[in-house]
Each structure stands twice: as structure tokens, then as C-alpha cells.
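The values are calculated or read from the model by the stated rules, or taken from the named source; none is laboratory data. This is a predicted model, so every value here is computed, not measured. Ideal geometry is used to build each Cβ from the backbone, glycine not excepted, and the neighbour counts take in all protein chains shown.
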Amino acid sequence: MSISALPAVTAISPLSGITPTLGAGAPQSSTSGTDFAAQISKGLDTLQGTQDKADNLALQAATGQLANVHDYTIAATEAALATKLTVAVRNKALEAFNEIMRMQA
């Protein structure tokens with residue numbers, strides 16, 4: 001019995017435009033706060049699109065118009081993972097904000 005390799009998943013990341021920085025210093029970037037806000041907005045729009053796709057496929061599956069049920073399963077899993085990632089990023093941002101607010105001036 002052999003197990004074949006799974007294909008690479010490329011379209012899950014709702015925050016694809018945001019790259020992590022390594023090191024202790026500040027990130028070396030020329031982007032401003034509006035660029036960050038635009039990236040967050042773009043990520044949320046992508047998440048909304050992923051969820052809309054899953055919802056549309058669920059409706060098609062419920063009405064019998066969907067030929068391949070696995071398309072819905074994949075879309076629903078992508079939407080769930082994207083939502084979990086977005087919530088995790090939000091939680092980390094809130095933790096960082098609360099930590100900053102606890103600092104004494």
C-alpha cells in the first residue's frame with residue numbers, strides 16, 4: 001500500500017500580502033500605516049470571497065445542482081482554515097495592543 005503526495009495548497013492565505021519579519025529590530029520597510037490597513041482590508045475581502053464561494057457551493061449542493069461534492073468540501077475547508085487564521089491574527093494583535101497599553105510610560 002502506498003500513499004501518494006498531496007498537492008500543494010496555494011489559495012488559503014487571506015493575508016497573503018503580509019510577510020513576517022525576522023530579527024529584533026524594526027522592519028526595514030518603506031510602507032506606511034495606510035499600506036498596512038490596505039493589506040488588512042485586502043485580506044478580509046479575500047476571506048469574504050472564500051466564504052461566499054463556499055456558501056454558493058453549499059447552496060448548489062443542497063439544491064442538487066453541484067456535480068462534484070468534493071468541490072464544496074474543499075471550499076468549505078478553505079473557508080474554515082482562512083477564518084481560523086484570521087481569528088488567530090486578530091487575537092495576537094489584541095494581545096499585542098493590550099501588552100502595549102499595560103506598559104508604563
Q. Using beta carbons and a limit of 8 Å, which pairs, at least six apart or on different chains, have the first residue in the range 78-91 and touching a residue at least 40 places away in the same chain (Cβ under 8 Å) and within 21 Å of residue 56 (Cβ to Cβ) and the second one part of a helix (DSSP H, G or I) and of a type in the set (A, V, I, L, M)?
A. 78/54; 82/47; 86/44; 86/47
Q) Looking only at the range 60-81, which residues are over 21 Å from residue 46 (Cα atoms) and either hydrophobic (A, V, I, L, M, F, W, C) or not in a helix (DSSP H, G or I) (or both)? A) 61, 62, 64, 65, 66, 67, 68, 69
Q: Can you work out which of the residues in the range 24-57 that are loosely packed, with under 10 Cβ neighbours inside 10 Å and not in a loop (DSSP other than H, G, I, E, B) is modelled with the lowest pLDDT?
A: 33
Q. Scanning for something of a type in the set (S, T, N, Q), part of a helix (DSSP H, G or I), surrounded by 15 or more Cβ atoms within 10 Å (Cβ to Cβ) and touching a helix residue (DSSP H, G or I) at 6+ places or on another chain (Cβ under 6 Å), does the range 82-102 turn up at least one residue?
A. yes
Q) Given the conditions (1) in contact with a Lys or Arg (Cβ under 9 Å, 6 or more places away or on another chain); (2) at pLDDT 90 or above, and given that residue 60 satisfies all but one, which numbered condition is not satisfied? A) (1)
